[in-house]
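Student: Sharing a structure here in structure tokens format.
The values are calculated or read from the model by the stated rules, or taken from the named source; none is laboratory data. Computed from a predicted structure; not experimentally measured. Don't worry about glycine lacking a Cβ; one is built from the backbone with ideal geometry, like all the others, and counts go over all protein chains shown. When the accessible area is computed, the model is the full protein with side chains, heavy atoms only, and any ligands, DNA or RNA have been set aside. Shrake-Rupley method; radii C 1.70, N 1.55, O 1.52, S 1.80 Å.
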Amino acid sequence: MRKNDMRPDELLKMDRRLVLSATGGMAAVMLPVVLTSFIVSETARVVAAVLVYAAAIIMAWAFVKRYVGILNAQHRESEKKHLSEIAMLVQPITTHLNNRALIIPVLTNQLNEVTKQTESAALDIGEKFMSIVQRARNQAKKASGAFGRFAGNGGSSSESLTDLSKKALSDVIESLRDMVGVTSQTLKNMEVIIEDAGNIKRIVTEIEYIAEQTNLLALNAAIEAAHAGEQGRGFAIVADEVRKLSDRSNAAADDIRKLISRVETDIKGIYSKTEKSITESSARSLEAETVVNDTLRKIDDVIGEVKKQLDELGAETESLAKDISSIVISMQFQDITRQRIEHVIEPLMSFKAELEDITQKARSMSEKIHEWEGNSSAEWLEKMYTMESEREVLKEVLKNG
Amino acid sequence: MGKTVLIVDDSASMRQLVSFALRDAGYDVIDAINGKDAMSKLNGTKIEMVITDLNMPEMDGIEFIKQVRNNPGYKFTPIVMLTTESQESKKQEGKQAGASGWIVKPFTPEQLIDIVKKFAR
């Protein structure tokens, strides 16, 4: 304990002890001289001086011993005070460190919870993104499949709806063309019939001419038979029969002419109507073909456009998948964050263990100080007490306390 | 049937995203949560390539690589380390254990697919 740290009464006590020590010392030196100065015998004086010095030395030794004891006690008291102060200082630090150490598991648990929640969220986001890609692809696939069934895939063996429609429409146009062709052939056949009717008429004219000439011949034969008289009667009968045949031939030719003329008129009527019909059919067929071809071209255009859009949709879907793949891949930040958090948790846990160790050591030290403090006080008192009754009181107190 | 890649990582999100990228590129994927789980899943399965993390509980990546290399069936199967560790010492440790290469996180899908294409032949 430094002087500055002492209380005034302690200082006063110490100064008194020093003065007493100095006075005692001086008295111890001077006393033998004063006391022996009265002794006459040299020997006796020396003996007396030796005895007095011996007594002085014994007293001084006792005094020094007691003074050193007091100083030691004071030193111990000072140490005790310092240690008490240290213990008092250490106590809140220990409590503080202990409290801080208790916080660390809370912090690590919080970090672990953050990691868990982030991972769960990352997984959820990843799944949702993957689901988006899957659905987009499914839609693109469905659209492509539906389009394929409608428009085909461009192959020759395709049986798409549009190909079947195209074929049906082409068949209709072909049938129209065939029908016009057949009707044209019918017209040509009619023309032959009409021509044949004209030829028949010419033959009938020839028959009529033959009948007329035969009639004239029969008439001349009848005249010649009349000139021959009775010998010509039989010949006249033959000539008359020939004339009758000629008349019948003429009547038959007339009937044929009339019939042929009627047939010719009818055929011409049909021909005219057919010709008109074929002209209209050709025009309609041509018009239908144009319409069908236009329609087919439009269908092809639409198919081409839809196909282009579907291709674009497919490309967009793939681009989307790629972008989402990049997003999902970028979710690896979560794993990096997790590892970094783990790298925070590990030293925190280590720090906690160190804090606990320090706390334990500080507590242990504090306990030892208290223990020592108690022991040293008892020891100090015991050494200070000179009477047995004082020691008895001390023992009693320690025993009960 | 596509080529099969085994992914070993204790992070569910990492397994998910690597699987997603690989499946998207046409690969079949088997995943495992650590080296021990991966060893039980290997067990005779035909694998074209292994992608493994290094820091994992129970059995870490380095030990797993060593055990794979000790299995005659997978002596030459390419093993790529997937890790945030970019230190040369860690790579060397992995290579000495028998790893064929590494991918440092974070990586892009293209980087991942490129390296898988390179190894999973």
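Student: How many Å² of accessible area per residue for the range A:152-328, probe 1.4 Å? It would help to have the intermediate numbers written out before the result.
Tutor: Details: 12100 Å² over 177 residues.
Result: 68 Å² per residue.
Student: Sticking with this structure for a sec: Name the helices (complete DSSP H segments) of chain A with a Cα length along the long axis of 27 Å or more and a Kyte-Doolittle mean of at least 0.0, or state none.
Tutor: On the way: long enough: A:8-36 (42 Å, 0.73); A:42-151 (155 Å, 0.10); A:161-228 (98 Å, 0.17); A:233-330 (139 Å, -0.36); A:332-384 (77 Å, -0.87).
Helices passing the filter in chain A: A:8-36, A:42-151, A:161-228.
Student: Taking chain A as a Gaussian network, where each spring joins two C-alpha atoms under 10 Å apart, which residue of A:301, A:240, A:323 fluctuates the most?
Tutor: With Cα springs under 10 Å in chain A, the top fluctuation among A:301, A:240, A:323 is at A:240.
Student: Could you work out [θ]222 nm for the protein assembly as shown from helices alone, using -39500 (n - 2.57) per DSSP H run of at least four and dividing by all its residues? Round to the nearest 500 deg cm²/dmol.
Tutor: Estimated from H runs of four or more residues: -30000 deg cm²/dmol.
Student: If we count every other residue with Cβ under 15 angstrom of residue A:233's Cβ, Lys/Arg +1 and Asp/Glu -1, where does the sum land?
Tutor: Values: positive: none; negative: A:224, A:230, A:240, A:241.
That works out to -4.
Student: Oh, and also: Buried by at least 50 Å² relative to the chain on its own: which residues of the range B:1-39 qualify, computing accessible area with a 1.4 Å probe on protein heavy atoms?
Tutor: Output list: B:13, B:16, B:17, B:20, B:24.
Student: If you look for lysine pairs in the range A:152-328 that are eight or more places apart or on different chains, how many of them have Cα atoms under 29 Å apart?
Tutor: Pairs that pass both the separation and distance tests number 25.
Student: Another question about this same structure. How large, in percent, is the carbon and sulfur part of the accessible surface of chain B at a probe radius of 1.4 Å?
Tutor: 49
Student: Determine the residues within the range A:93-126 where the difference in accessible area between the chain on its own and the full set of protein chains amounts to at least 50 Å²; count protein heavy atoms only and use a 1.4 Å probe.
Tutor: Residues losing area: A:123.
Student: For the pairing of chain A with chain B, what total accessible surface becomes buried, with a 1.4 angstrom probe, in square angstrom to the nearest 100?
Tutor: Buried surface at the A/B interface: approximately 1800 Å².
Student: Now for a different question. Got the relative contact order for the range B:4-119 handy, in percent, Cα pairs under 8 Å and 6 or more residues apart?
Tutor: In percent, rounded to a whole number, it is 23.
Student: For the range A:281-389, rounded, prolate or oblate, judged on the Cα gyration tensor with a ≥ b ≥ c (square roots of eigenvalues), a/c < 1.5 rounded, else prolate if a/b > b/c? Walk me through the numbers on the way to the answer.
Tutor: Numbers: a/c = 24.63, a/b = 11.26, b/c = 2.19.
Verdict is prolate for the range A:281-389.
Student: Would you please give the FRET efficiency between residue A:54 and residue A:20, computed as 1/(1 + (r/R0)^6) with r the Cβ-Cβ distance and R0 = 25 Å, to the nearest 0.05?
Tutor: Using R0 = 25 Å, I get an efficiency of 0.75.
Student: Please report, to one decimal in angstroms, the Kirkwood hydrodynamic radius of the range A:152-328 built from all distinct Cα-Cα pairs.
Tutor: Answer for the range A:152-328: a Kirkwood hydrodynamic radius of 23.9 Å.
Student: Give me the lysines in straight-line cross-link reach of residue B:75: C-alpha distance below 25 Å, same-chain residues under 8 apart excluded.
Tutor: In chain and number order, the partners are B:3, B:36, B:41, B:46, B:66, B:90, B:91, B:95, B:117, B:118.
Student: Next up: When chain A is modelled as a GNM with alpha-carbon springs shorter than 10 Å, which of A:41, A:21, A:144 fluctuates the most?
Tutor: Comparing A:41, A:21, A:144 in the GNM, the peak value goes to A:41.
Student: Taking H as built 1.01 Å from N, whose amide H comes closer than 5 Å to the amide H of residue B:51, not counting residues under 5 places away?
Tutor: B:6, B:7, B:8, B:80
Student: On to the next question. Using the eigenvalues of the Cα gyration tensor, what equivalent ellipsoid semi-axes result for the range A:177-276 when each is taken as the square root of five times the eigenvalue, whole Å, largest first?
Tutor: So the three semi-axes of the range A:177-276 are 48, 9, 8 Å.
Student: What nm distance separates the two modelled labels at residue B:70 and residue A:172, each placed 7 Å from Cα along Cα→Cβ?
Tutor: 8.0
Student: Enumerate the helices in chain B for which the Kyte-Doolittle hydropathy averages -0.5 or more and the C-alpha atoms extend at least 30 Å along the helix's axis, using complete DSSP H runs.
Tutor: none
Student: Tell me the volume per residue, in Å³, of the convex hull enclosing the alpha carbons of the protein assembly as shown.
Tutor: Looking at the protein assembly as shown, the number lands at 349 Å³ per residue.
Student: Quick one: grab the alpha carbon gyration tensor of chain B, order the square roots of its eigenvalues as a ≥ b ≥ c, and give me rounded if a/c is under 1.5, else prolate or oblate depending on whether a/b is larger than b/c.
Tutor: rounded
Student: Right, here's the next one. Tell me, which residues of the range A:329-359 get at least 30 Å² less accessible area when the other protein chains come in, versus the chain alone (1.4 Å probe)?
Tutor: Hits at the 30 Å² cut-off: A:329, A:332, A:335, A:336, A:338, A:339.
Student: Students often forget the sequence filter, so: which lysines lie under 26 Å Cα-Cα from residue A:361 once same-chain residues fewer than 8 apart are removed?
Tutor: A:80, A:81, A:352
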